[in-house]
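To keep things clear, I will list the structure first and then write my remarks on it.
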Amino acid sequence: MTVTRFAPSPTGYLHIGNLRTALFNWLIAKQQGGTFILRLDDTDPERSKPEYADAIQQDLEWLGLTWDRIETQSSRLDRYADAADRMRADGRLYEAFETPTELDLKRKKQLNMGRPPVYDRGALALSDAEKAALRAERGGHWRFKLDHERIEWTDGILGDISIDAASVSDPVLIRGDGQVLYTIASVVDDTDMGITDVVRGSDHVTNTATQIQIMAALGHSHPRFAHHSLLTGPQGEALSKRLGTLSLRDLRAAGIEPMALLSHLARLGSSDPVELRTTHQELIDGFDLSRFGSAPTKFDVDDLRPLTARVLHARPYADVAEALAARGIDGPKAEPFWLMARENVQVIADVDPLWDIVQNGATPLIAEEDADFIADALAHLPPQPWGETSWSDWANTMKERSGRKGKALFMPLRKALSGMERGPDMARLMPLLSKAPKGS
């Protein structure tokens, strides 16, 4: 059975890059009738916060990306300790004592000598007495001893990958303060939980190589891996510089609709065009991981707005009644108001100025050359309440009185009655207006 996972750290809010990883893993599991696990990487006690864990779940629920079960790494520390003990016994985990400053000096020296900045395994040459002395003055960290051979796998997006382990530093698995790091925790979790497929960003390719060796050292085969391209800004800039404005909660507050966001990310970076989907099942049926490429993928939040508009244009009143009521739009006018307004909004908040006009009347926009015409027009407004034919009746009256026609007739009347140069069908707006234009 297919089992996938999304393993965010509850150290901040989910952003658009996180969502891409979550969505791909969710889609793969659902396509195969498998299991999708939400796994909180909360082994950092200082940075992991309950409010972030709650926010992650709320964001995924908003998007409809439901999980089959939730796991927390903080509850599995004994499993990581067991794995570490096994690797120590097998000589694959060794204690090292270099400080960050000492490691930085080593890297600079290697670079100056034209060598790759790979850890030199100096800790392996320490005697027991030297280790004891260092241990007395600083905490030792634990590194996994890589076999210096090529690590190969067929990636679901990148194709055949081959990495020389000798070009990679032995990864630190446990810090000097005892904190278990992602590399070992992820390996133990993936094997214990039977993860069959892992999709993540291409910045994890080297992690994958080392984790394949760690899995083998623990006696396990590795899952299928696929590494999607990284997102950039619209000009190719690093998206990390803009993540503060691209959290899912910010996009939600800006009125972006879930299906607009999911439809966009389910195709962005693939050879297939972005197509707006109306259901999660359509997303599942149309997803093909093999269609995605390795090149950096440009993401522009402005592309979500027209998709959101299309979602709203097709939305029946029943689907938005609660959201409208939260904005003070209810009562007998609420449904006809939505059916009139929905094709003229990009996000749900765009209904607010329209509702204000319906309730309180508009401030007329009157060009100087139209002043006399509008004064006469306002004097000949049909009596309220206005109905379905009021707009055409008024326009026909003013056509006969002024001789105007076409845009010269309709645009000044629209601007005087609605205060807008463009917007809803006036025949549908006028019957909803509670008041005549301000000042008329």
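The values are calculated or read from the model by the stated rules, or taken from the named source; none is laboratory data. This is a predicted model, so every value here is computed, not measured. Cβ: placed from backbone, ideal geometry, glycine included. Neighbour counts: every protein chain shown.
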| query | Which of the residues spanning the stretch 282-299 are closer than 15 Å to Ser263 by Cβ and in contact with a Gly (Cβ under 8 Å, 6 or more places away or on another chain)? | reply | Phe299
| message | Suppose we filter Leu289, Leu265, Leu251 for residues that are closer than 27 Å to Asp190 by Cα and buried (at least 19 other Cβ atoms within 10 Å of the Cβ); which single one remains? | response | Leu265
| query | Got at least one residue in the stretch 337-359 being assigned to a helix (DSSP H, G or I), touching a residue at least 60 places away in the same chain (Cβ under 8 Å), among the aromatic types (Phe, Trp, Tyr) and surrounded by 18 or more Cβ atoms within 10 Å (Cβ to Cβ)? | reply | yes
| Number of positions in the stretch 104-125 that are closer than 17 Å to Ser167 by Cβ and surrounded by 11 or more Cβ atoms within 10 Å (Cβ to Cβ) | 11
| Condition test on Arg422, is it under 31 Å from the mean Cα position of the chain (by Cα), of a type in the set (Lys, Arg), under 30 Å from Met259 (Cα atoms) and surrounded by fewer than 19 Cβ atoms within 10 Å (Cβ to Cβ)? | no
| task | Scan the stretch 179-197 and report the pairs whose first residue is not assigned by TED's automatic domain parsing to the domain that holds Gly140 and whose second residue is modelled with pLDDT of 95 or more and surrounded by fewer than 22 Cβ atoms within 10 Å (Cβ to Cβ), with Cβ atoms within less than 7 Å and a gap of 6+ or a chain change. | result | none
| remark: For the stretch 101-125, the count of residues that are in a helix (DSSP H, G or I) and either in contact with a Lys or Arg (Cβ under 6 Å, 6 or more places away or on another chain) or in contact (Cβ under 8 Å) with a residue 24 or more places away in the chain (or both) equals 3
| message | Restricting to the stretch 64-90, count the residues that are within 20 Å of Val3 (Cα to Cα), aliphatic (A, V, I, L, M) and touching a helix residue (DSSP H, G or I) at 6+ places or on another chain (Cβ under 6 Å). | response | 1
| Only one residue in Ala321, Ala295 is assigned to a helix (DSSP H, G or I) and surrounded by fewer than 17 Cβ atoms within 10 Å (Cβ to Cβ), so which one is that? | Ala321
| note | The condition of being under 30 Å from Leu261 (Cα atoms), among the β-branched types (Val, Ile, Thr) and out of contact with any Phe, Trp or Tyr (no Cβ under 9 Å at 6 or more places or on another chain) holds, among Ile348, Ile374, only for Ile348
| Residue match in the stretch 306-315 (condition: surrounded by 18 or more Cβ atoms within 10 Å (Cβ to Cβ) and in contact with a strand residue (DSSP E or B) (Cβ under 6 Å, 6 or more places away or on another chain)) | no
| Can you tell me which residues in the stretch 62-100 are part of a helix (DSSP H, G or I), in contact with a strand residue (DSSP E or B) (Cβ under 9 Å, 6 or more places away or on another chain) and more than 20 Å from Asp44 (Cβ to Cβ)? | Asp85, Arg86, Met87, Arg88
| Meets criteria (of a type in the set (A, V, I, L, M, F, W, C) and within 14 Å of Asp170 (Cβ to Cβ)) for Leu63 | no
| request: Mind counting the residues in the stretch 135-172 that are modelled with pLDDT under 95 and surrounded by 17 or more Cβ atoms within 10 Å (Cβ to Cβ)? | output: 1
| said: Could you go through the stretch 148-159 and let me know if any residue there is farther than 30 Å from Leu289 by Cα and in contact with a strand residue (DSSP E or B) (Cβ under 7 Å, 6 or more places away or on another chain). | reply: no
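Take Leu381 and decide whether it is in contact with a Ser or Thr (Cβ under 9 Å, 6 or more places away or on another chain), buried (at least 16 other Cβ atoms within 10 Å of the Cβ) and part of a loop (DSSP other than H, G, I, E, B).
yes
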| field | In the stretch 205-242, the residues that are of a type in the set (A, V, I, L, M) and not in a strand (DSSP E or B) | value | Val205, Ala209, Ile212, Ile214, Met215, Ala216, Ala217, Leu218, Leu230, Leu239
| message | Residue pairs, Cβ under 9 Å, 6 or more apart or interchain, first in the stretch 3-20 and under 20 Å from Ala266 (Cβ atoms), second among the β-branched types (Val, Ile, Thr) and assigned to a loop (DSSP other than H, G, I, E, B). List them. | response | Thr4/Ile195; Thr4/Thr196; Arg5/Ile195
| task | Assess whether Glu61 counts as being surrounded by fewer than 14 Cβ atoms within 10 Å (Cβ to Cβ), within 23 Å of the chain's Cα centre (by Cα) and not assigned by TED's automatic domain parsing to the domain that holds Asp177. | result | yes
| message | Considering only residues that are among the hydrophobic types (A, V, I, L, M, F, W, C), in a helix (DSSP H, G or I) and surrounded by 13 or more Cβ atoms within 10 Å (Cβ to Cβ), which ones fall in the stretch 324-336? | response | Leu324, Ala334
| task | Could you list all residues from the stretch 177-192 that are part of a loop (DSSP other than H, G, I, E, B) and buried (at least 17 other Cβ atoms within 10 Å of the Cβ)? | result | Leu181
| Checking Ala136 against (1) more than 25 Å from Gly201 (Cα to Cα); (2) of a type outside the set (Lys, Arg); (3) in a loop (DSSP other than H, G, I, E, B), the condition it does not meet | (3)
